[in-house]
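Asker: Quick one: the structure is below, questions incoming.
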Amino acid sequence: MSCFINLVVAATTTEVPITLGDTLSLDEVTVTAIKQSTDMRTQATALTVIQQQEAERNQAVSIKTASDLVPNLFIPDYGSRMTSTVYVRGIGTRIDQPAVGLTIDNVPVMTKENYDFDLMDVARFEVMRGPQNTLYGRNTLGGLMNIYTLSPLNYQGTRAVIEGASHGTWRVGASHYRLIKQDLGLSLSAQYGSTKGEFTNRHNGKRCDWERMFSARFKLEWRNHDGWYLNNVASVSVSRQGGYPYEWVETGQIAYNDTCFYRRTSVMDGLTIRKDFDSFTLSSITSYQYLDDNMTLDQDFTPRDYFTLTQARREHAITQDFIVRSHEKAEGYNWLSGASGFYRRYRMDAPVTFYDYGIAQLIEKHFNDALPMYPIAWDTRSFLLGSNFTSPNWGASLYHESTYHWGQWTLQAGLRLDYEHARLNYHSETHTGFNMYEATTGELYAHGAIDIDDNGKLNKDFFDILPNVSINWHPWLGKNHTIYFAFSRGSKAGGFNTQMFSDVLQQRLMKMLGIGMNYDVDKMVGYKPEKAWNYELGGHFECWGRRVQSDLGVFFIDCRDRQLTVFPPGTTTGRMMTNAGKTHSWGAEFAMSVNPIELTHLNLSYGFTHATFKDYNDGKVDHSGKRVPYAPMHTLFAEASHGFKIGGDMDKLLTLAANVRATGDIYWDEANTLRQPFYALLGASITWKQEHYSLQLWGRNLTDTGYKTFYFVSIQHHFLQQGHGRQLGATLRLNL
C-alpha cells in the first residue's frame, strides 16, 4: 500500500493579511454571491457551509467527498464520474436531469455528467436544501450546491500540489495568484492525477476502476471604486477511466469480458459582471459549456458475449442570467428581479452491438421455443442496433422575490415563470437477417431479411409557475437567532429516454419474428417533469459568542409525477425514466458546531428521511406504502478535533481529529425486498503544522467496513457495487 503525500507551496505577499490556512466567516465571504443575502443564517433556508479549513481536514475536494458532511445529502460513489447521482430528502434520480443544482463561482453547471470533478483551492462549499427553483431555475427541486474558489483579490501566492494514496493514487498540481494592479487579480491552476484502482475484473485480472485526469482553471477578477465588479473563470477538465466495478450477485465476482470505460472532456467559461448603482445592483452571469464524453460498456457485465453499448455525446450549452437587486437594508423593503435563459444542443451516438450469446439467448431461443417446427439461425454472430440523436433544447424564465423586514419579523415571497422546449431528432437502424429451417428435415425453408431505418422527431413543451413564501422570526433583537416557516414549489425538467431506443428497435425486430412487444415510442421515450411542494419549519441559532452554532428543521415534501429509473419488462437492454405517481417525504435535520475552547472543534450533523410511494403501480404490483429506493433513511457525520500549541506558539500546532460518517438504510428496489443496512465508516487524522508547512496523516474507513453503494438489474441478472475499503494517506502542505 502506497503512502499519500500532498505538497502545497504558497508564497504570500504582504499586501493581503490572509494566510493559507485562514477561514473567513460566512458574513465576510458571501459578498461573492449574486442572489443570496450577505448573512445566510438569517434566511429561511436549510443551509450547510463547509469552509476551506474544514474541507482540507476532511479531504473534501469535490461535491461527492463533501456530501458526507451535509445532513440528508447522499451522493453515492459508484460506476464512473458520469454517474453523479444526488439524493436529498428522498428526492433524486439516477439518470438524465439532476434533482439538485450545482454552481461554481455563481455559474450553473448544466448537465450532471459534469458534476463529479476534483477542484483545487476551494474556498468553501454551500449546500441549500429544499426547492431553490424560484431564484435558480431548472433542476433545483431538491436544493442547490454552490462552490466558491479562492479569489486572487483576497489571496496572492504560488501553490504546488503533489498527492499519492492507497491503490496507487497520486496527484500533482500548481496554482498561482497575483495582483496585476490593486483592483485587478488573476490566478492560474492546473493538476494531474491518477489511480490504479481498487477493484479487479476476475475475467482478465486487471483493475477496472483506474483513472487518469487533468484539469486547469484560469480566473480573472476585477473590482474598482466606482461599483464595477468582473469575474471570468475558464476551465478545462479531462478524465479517462475504467470504472463500473459491478459484481454479479450470482457469482459474487466482478467478471466481464468486454471493455468498459468512460472518457470525458469538458470546457467551461463563466463571466460575471456586476455594477452597483445608488439604490440597486445590476448583475449579469453568462456561460458557455462544452462536453465531449464517451461511455462504453459491457452492458451485460458477465463473461458471456451478450451485447455492448456505446454512448458518445458532444454537447454545447449557453446560459444567461440578468439580476437586478436592491441594496440590502436591515429594515423595510428589499427586492430582487431577474430574467434568464439557456440554449443546449447535443448530438449522441448510442449503438448496441449484439454478440453470439445474446443472439442465441435473447432472439433465437425465444423464437425457437415459440415455433419449434421452424427454427431460425442468424446470418451472422453479431449485428448492430444503431441509434443517433440530436437534441436542441432551450428555455426562458422571469422571476421576482420581495422581502420586507419589520422589527423581529421578515416576510418573503417570490415567483418564477418558467418555459422550456425540448426536441429530439432520432435515427434508428439495423440491417441483418436470418435463415429458417424445417425441423424434421433440416432443410432451408426461407431467408428473412431485416432492414429497419426509422427517422422521427419528438417535441415537448413545459411551462411552470414556481412560487415560494416564507416568514422569519428573530426572537431576540441583536442576537443571531432565526426561526422560520417556508413553503415552496419545485420542479425537475422532463425529457427523453435516449437509452430506450435500442430496446424499441430490438422489440420491433423481434416483432417481425412474431415474438416482440409493441412499444409506443412517445410513451416509452418521453417523460414529464417532476413537481413537489416543500413545507419546512426550522431555525438557525448561535450563542456563547458564536462559539456554538446550531440548525434544526423538519420538512414535508408532496411530490407528484415522481421520476423513477426503472428497467423495462423482459430481457431488454436498457433502462428508462418513468413518472411513478406520487411520493411523500418527511423528516428532520440537525447540525451543531461547537468551539468550546481555543483550537477545539466539535461538529455533528444528522438527517432523517422517511420517503414512501403514495401512489405507484408499475402495471404488475402496487408499490404504495413502500420506501423510495436509493434514498437513505439516515445520514450522520460527527467530528472532533483538538490542536496543541507546541511551546505556546500558534505557528507550531499538533492537531488530532476523528470522524464518523454513517448512512442507511437504503432500499434497492421498489418492492423493498433488498436493502443496504445502516453502516458507519471511521476516519482519523493527525496534522503537524508550522508557519510554512503542515503534514497530515489520515485514514478513511479504518475498520475496513463492507457496504454496498449501488444495485441494479440487467436482463434479469442482479448486480451491485461494493463501497471503498480502508484507505490510508498523508498530506504535506507548504506555505512559503
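Asker: Rounded to whole Hz and in sequence order, give me ³J(HN,Hα) for the range 527-532 from the Karplus expression 6.51 cos²θ - 1.76 cosθ + 1.60, θ = phi - 60°, writing x for Gly and Pro.
Answerer: So the J values, rounded to whole Hz, are 9, 8, x, 9, 10, 8.
Asker: Starting at the first residue of the range 295-311, write each ³J(HN,Hα) from the Karplus equation 6.51 cos²θ - 1.76 cosθ + 1.60 with θ = phi - 60°, in whole Hz, x for Gly and Pro.
Answerer: Whole-Hz 3J(HN,Hα) from phi for the range 295-311: 10, 10, 10, 6, 5, 8, 6, 10, x, 8, 8, 8, 6, 10, 10, 10, 10.
Asker: Expressed as a whole number of Å, what is the distance separating the alpha-carbon centroids of the range 167-192 and the range 596-619?
Answerer: 35 Å
Asker: What aspartates and glutamates sit close enough to Lys329 to cross-link, taking a C-alpha to C-alpha distance under 17 Å and skipping anything fewer than 8 places away on the same chain?
Answerer: Those aspartates and glutamates meeting the cut-off are Asp27, Glu28, Asp39, Asp276, Asp278, Glu401.
Asker: So what is the relative contact order for the chain, in percent, with contacts set as C-alpha pairs under 8 Å and at least six apart?
Answerer: Relative CO of the chain lands at 11 percent.
Asker: Still on this structure: Report, to two decimal places, the Cα Rg of the chain normalised by 2.2 N^0.38 Å (N = number of residues).
Answerer: Computed over Cα atoms of the chain, the ratio equals 1.00.
Asker: Quick check: the angle from helix 501-512's long axis to the longest principal axis of the chain, C-alpha only, nearest 10 degrees?
Answerer: 10 degrees
Asker: Cα centroids of the range 671-736 and the range 79-114: how far apart, whole angstrom?
Answerer: 21 Å
Asker: Quick one: which residues, 5 or more positions from Phe199 or on another chain, have an amide H under 5 Å from its amide H? H modelled 1.01 Å from N in the peptide plane, none for Pro or chain starts.
Answerer: Those lying under 5 Å, H to H, from Phe199 are Cys208, Asp209.
Asker: What residues have an amide H closer than 5 Å to that of Thr281, excluding those fewer than 5 places away on the same chain, when H is modeled at 1.01 Å from N in the peptide plane?
Answerer: Correct list: Arg325, Ser326, His327.
Asker: Can you spot the lysines whose alpha carbon is less than 29 Å from Lys645's alpha carbon? Ignore those fewer than 8 places along the same chain.
Answerer: Once the sequence-local lysines are set aside, what remains near Lys645 is Lys689.
Asker: Separate question: Could you tell me the distance between the Cα centroids of the range 376-403 and the range 38-70, to the nearest Å?
Answerer: Here the answer is 34 Å between Cα centres.
Asker: Can you tell me the relative contact order of the range 303-361? Whole percent, Cα pairs under 8 Å, sequence separation 6 or more. Write down the numbers at each step before the final one.
Answerer: On the way: 86 pairs, mean separation 31.0, N = 59.
The normalised contact order for the range 303-361 reaches 53 percent.
Asker: What does the charge add up to near Ser239, with Lys and Arg as +1, Asp and Glu as -1, over the other residues with Cβ less than 14 Å from its Cβ?
Answerer: 0
Asker: Using the structure shown, list the pairs from Lys206/Lys492; Lys181/Lys275; Lys206/Lys365 with a Cα-Cα distance above 30 Å, or answer none. Don't skip to the end; give the middle numbers.
Answerer: Details: Lys206/Lys492 40 Å; Lys181/Lys275 20 Å; Lys206/Lys365 33 Å.
Pairs exceeding the cut-off: Lys206/Lys492; Lys206/Lys365.
Asker: Oh, and also: If you add up the charges near Asp258, with Lys and Arg at +1 and Asp and Glu at -1, over every other residue whose beta carbon is less than 15 angstrom from its beta carbon, what do you get?
Answerer: Combined, the nearby Lys, Arg, Asp and Glu give 0.
Asker: Ignoring everything except DSSP H segments at least 4 long, calculate the 222 nm mean residue ellipticity for the chain; use -39,500 (n - 2.57) per segment, divide by total residues, nearest 500.
Answerer: -1000 deg cm²/dmol
Asker: Could you give me the ³J(HN,Hα) list for the range 482-497, computed from phi with Karplus coefficients 6.51, -1.76, 1.60 and θ = phi - 60°, whole Hz, x at Gly and Pro?
Answerer: 9, 10, 9, 10, 9, 9, 8, 10, x, 8, 10, 4, x, x, 10, 8
Computed from the coordinates by the stated procedures, all read-outs in this text should not be read as laboratory data. The model shown is predicted, which means the values in this text are computed figures rather than measured ones. Note: ideal-geometry Cβ built from the backbone for every residue, glycine included; neighbour counts use all protein chains shown.
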